[in-house]
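The values are calculated or read from the model by the stated rules, or taken from the named source; none is laboratory data. For clarity, every value in this text was computed on a predicted model and none was experimentally measured. Here the Cβ positions follow ideal geometry from the backbone for every residue, glycine too, while neighbour counts run over all protein chains shown. In case anyone asks, the SASA skips ligands and DNA or RNA and just uses the protein heavy atoms, side chains included. Shrake-Rupley method; radii C 1.70, N 1.55, O 1.52, S 1.80 Å.
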Amino acid sequence: MFPSCLKQTLKFKTFFLLVVLSLSEFTSGQSFTLKGKITDAKNNSPIKGSALFISYRDVAYSNAEGFYSISSLNVGKYQIKISSLGYKSFSTEIEIDSDKEMNFSLESSAIELDEVVVSTNRTENYLRNSPFAESLVGKEEIQIRSTMSLPDILQNEPGVSLLRDGIWGTEVSIRGLNRENVITLIDGNRIATSTDVAARLSMVDMNNVERVEVIKGASSSIYGSGATGGIINIITKSPQLYDRFSLNGNVITEYNTVNDLTVLGGSLYSGSSFW
């Protein structure tokens, strides 16, 4: 009698163990789905393109309506991290034992950019540090020299010669290269005329010129096409503030034997600490 009861007990335990193992395998073999919606915490509007990471193994992105979905998840605990441009990252831990629907709200945050460094070769520098052959005609020299037109103040510069077509039709040649190979700038801005009329440099008001910078030699890598001969950069006078009211000016008169031409010009400058 005793051995029979023992056999029945062993059979029952074996059956119970098999049932438990079967349920365990059935549960572990199931896969579940996590879905939901990601919205703005302030106005509850959907957030498109949010990235939802699950334990850094799976990722899902929200659509235009803010909905996301990840399937084939096994039973267990998962680390959830949600990130989106312009919003604070959100992290939490969830447990998956069935299909779940979870909604998340993200708080907006300012976008912080890395430091931006802007560099250029078109900066003020000492002539002795320049890799180019440069010359500079300053304000004092402009006042001393005969300045009927812009080419007149450059005619004495080494490597610069004038191509005259009358007093107003004068072009500048740098090291034998003429207009087609020389770029003219005003305050760093390239100028050009719609025709081949050579009087373009005579259209510059010399009373408003602070200085003239000349680069002799190829500079196309910095200033673009057409700069194989060099650059003429005209710097105009700029307004400035004073500690107190200030009024100054100058008067210039010239006479040129070509065409018996007389020039009378003047400038008046005024300013204060507010204007």
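Can you report the number of residues in region 51-62 which are in a loop (DSSP other than H, G, I, E, B) and touching a Phe, Trp or Tyr at 6+ places or on another chain (Cβ under 7 Å)?
Counting residues in region 51-62 that are in a loop (DSSP other than H, G, I, E, B) and touching a Phe, Trp or Tyr at 6+ places or on another chain (Cβ under 7 Å) gives 2.
Filter the strands (runs of 3 or more DSSP E) completely within region 168-269 down to those with at least 2 residues that are at pLDDT below 75 and either among the hydroxyl-bearing types (Ser, Thr, Tyr) or closer than 22 Å to Ile144 by Cβ (or both).
246-256
Considering only region 43-56, I want to know if a residue exists there that is of a type outside the set (A, V, I, L, M, F, W, C), open to solvent by 40 Å² or more (accessible area, probe 1.4 Å) and touching a residue at least 40 places away in the same chain (Cβ under 8 Å).
Yes; the residues of region 43-56 include at least one that is of a type outside the set (A, V, I, L, M, F, W, C), open to solvent by 40 Å² or more (accessible area, probe 1.4 Å) and touching a residue at least 40 places away in the same chain (Cβ under 8 Å).
Any chance you could count how many residues in region 63-100 are within 42 Å of the chain's Cα centre (by Cα) and not in a strand (DSSP E or B)?
9
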